[in-house]
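Colleague: One structure follows; several queries about it will come next.
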Amino acid sequence: MYNFVELITKYLGKQKETIKQYQFMLKPCLMLAAVYTLALSALLRANYSYRDDLNRVISGRKGWDDYGRYLSNFLSTIIHADHYLTDVSPLPQLIAVLFVAMSGIIIWYSVSEKQKFSVWDLAALVPLGISPYFLACISFKYDSPYMALSILVSVIPILFLKCGTKRYLCAIIIGILMMCATYQASSGIFPMLVILMCMKFWNQKENIKMILKFVGKSAVGYFTGLIIFKIFLMPPSTREYVSNSLPPLKELIPETITHLIHYFSLIKDGFKKEWLILILCMAVAFIFVMVRDSKRNKFATACLSVVVLGAMLLFSFGMYPVLAKPLFHARAMYGFGVFITLLGISLATSKKIYCAKLVCVALSWCFFVFSFTYGNALQIQEDYAQFRVKEVLDDLNDVDIMISNNDHGAIKIQFSGAIGYAPAIRNIPKDAKILKQLIPSQTSRFRYNELYKFFYYYKLKNVHRNLPQDSGVDFETYNLPVIKDTMFHTIRGKDNCILIDLK
């Protein structure tokens, strides 16, 4: 009994020492979380139900196990304090902010091994939590904490690097499994961090064997975690817009290249030119700093720096490019923001080179300002969409088919046309297309939430949702007579069929 108590005491003593070792991270983490929260204040105030949020608000369902996100399902019960998920926003988003802030501090410490946090470091970490693509993740009232957690569990394993091979491997495997069970778009974050760490070791003139051993251990742990998840935990894909399988072996490389080109084209089309120029300047400064601070051959270091940049950039999209059908939504591309953060931290923690540090500050300021633009745009779009829904509902009240006793059974309603974006969003400059990538598409009918609210939230009596893709019947081919025509929509109908053509 005495030996057992002694063992527990020693274990608790070690944990106490570990806590003290990382205690310096607390203040920087809170500072970073405060900056993120301020930047996201407009988004939180908008209270926007992003994509399928409204479905969960009304139904209280989870549904993440479709993608193998079992940890998201489990943790949602804790965060919402119930199996039925009520709307508790902005609590999930604030938790997400804390997770991202913790991730940023771990990245900062891993790359720099500093214990004093500077303004330059803070500026370099800003893109991690409010880069345009991660704004799509934080917009989710329900999904956001698990998306953010996937980043955190991807970077935590690097803290175990000096704890021995077994612990390091176990930390990687557990971290990768947790990442896959929360949000798989983070699958490229750990490889990016490992690649940057290798560059750091090279510059410090560490033993080549040690670097290769580090890469080997990291790769073994990473792929072991992915394989375990793929074989034992990943369910078969049931969704049409993304797959979890690879294309045929002969098509793997060409398909991957095609997908990568599409990802880069989305960034090129979405990001403002000023942002792209600043990122390019950061990349050039990164190569300069690596060469300047290297203890090895300068030419070899310059070549290696270019390779490292390219490798990190390719991994920024995770495993998606190699899938038969990747996810090209903005929420799947936040790894690019992690790539920018890694560049920024490498520059911010370097001596002198204040011009490059000012570039990091400039880009962070751009993202900081854009986060307010985005949050306010969500509010504007929500108001406009609700106005259009109300117009349809008010006009349906005057339609005889709706108010008379219908002898033809339940009324079936379909939508055609589109409401488009609110005028304020339509009028944004053409070089700010990123806003339209982030805000759910308005190019076809109502978006998912408006349709869901129309048919289920308002409890229309004796009305059935009738989508052409579900029923196989398109009312546009029926040539229905016009019942009511307004400046916002045209209502056509006969018997129990109604087609609402949005303008």
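Colleague: How much length is gained on full extension from K459 to N376, taking 0.36 nm per residue of separation minus their Cα-Cα distance?
Modeller: 26.9 nm
Colleague: Here is a follow-up. Show me 325-336, 489-500, 417-428 ranked by packing, highest mean number of other Cβ atoms within 10 Å first.
Modeller: Highest to lowest by the protection proxy: 325-336, 489-500, 417-428.
Colleague: Label points 7 Å out from Cα along the Cβ direction at K494 and R296: separation in nm?
Modeller: 7.6
Colleague: Another question about this same structure. Antiparallel versus total DSSP beta bridges in the chain: what percent is that, nearest 5?
Modeller: 45
Colleague: Can you tally the net charge around Y48? Count Lys and Arg as +1, Asp and Glu as -1, for every other residue whose Cβ sits under 9 Å from the Cβ of Y48.
Modeller: Neighbourhood net charge equals -1.
Colleague: When the helices in the chain are scored as -39500 (n - 2.57) per DSSP H run of 4 or longer and the sum is shared across all residues, what 222 nm value do you end up with, to the nearest 500 deg cm²/dmol?
Modeller: Value at 222 nm, helices only, nearest 500: -19500 deg cm²/dmol.
Colleague: Counting every Cα pair in segment 246-302, what percent are over 15 Å apart?
Modeller: Within segment 246-302, distances greater than 15 Å cover 67 percent of Cα pairs.
Colleague: Taking amide hydrogens as modeled 1.01 Å from N in the peptide plane, which residues meet the under 5 Å criterion relative to G68, leaving out close sequence neighbours?
Modeller: none
Colleague: Take the Cα pairs of the chain, get the Kirkwood Rh, then feed it into Stokes-Einstein at 37 °C and 0.692 mPa s and tell me D in µm²/s.
Modeller: D = 131 µm²/s.
Colleague: So which of K390/K436; K230/K250; K459/K484; K230/K268; K166/K200 end up more than 26 Å apart, counting from Cα to Cα?
Modeller: Pairs exceeding the cut-off: K230/K268.
Colleague: Something else: Quick check: residue separation of I353 and D400 times 0.36 nm, minus the Cα distance between them. What number comes out in nm?
Modeller: 9.6 nm
Colleague: I'd like the Karplus ³J(HN,Hα) series for segment 133-148: coefficients 6.51, -1.76, 1.60, θ = phi - 60°, whole numbers in Hz, and an x wherever there's a Gly or Pro.
Modeller: Values, residue by residue: 6, 6, 4, 5, 6, 5, 5, 6, 5, 9, 7, 3, x, 7, 5, 5 Hz.
Colleague: Another question about this same structure. So how far apart, in nm, are the two label points at C170 and V306 if each is 7 Å from Cα heading toward Cβ?
Modeller: 4.4
Colleague: Please get the size of the charge dipole for the chain, origin at its Cα centre, with Cβ charges of +1 on Lys and Arg and -1 on Asp and Glu, quoted in debye to the nearest 20.
Modeller: 2460
Colleague: Could you give the length gained by full extension between S59 and Y22, i.e. 0.36 nm per residue of separation minus their alpha carbon distance, to one decimal place?
Modeller: 9.1 nm
Colleague: List residues of segment 317-335, by number, whose backbone nitrogen lies under 18 Å from a label position 7 Å along Cα→C-beta of K230.
Modeller: 317-327
Colleague: Now, a different point. Cross-link candidates for K141: which aspartates and glutamates have Cα within less than 13 Å, leaving aside residues fewer than 8 places away along the same chain?
Modeller: Result set, ordered by chain and number: D52, D53, D87.
Colleague: Applying a 10 Å radius around every beta-carbon, put 267-276, 51-60 in order of their mean neighbour count, most first.
Modeller: 51-60, 267-276
FYI, it's all coordinate maths here, none of it is from the lab. Source: prediction; values computed, not measured. Cβ coordinates were reconstructed from backbone atoms using ideal geometry, including for glycine residues, and neighbour counts include every protein chain displayed.
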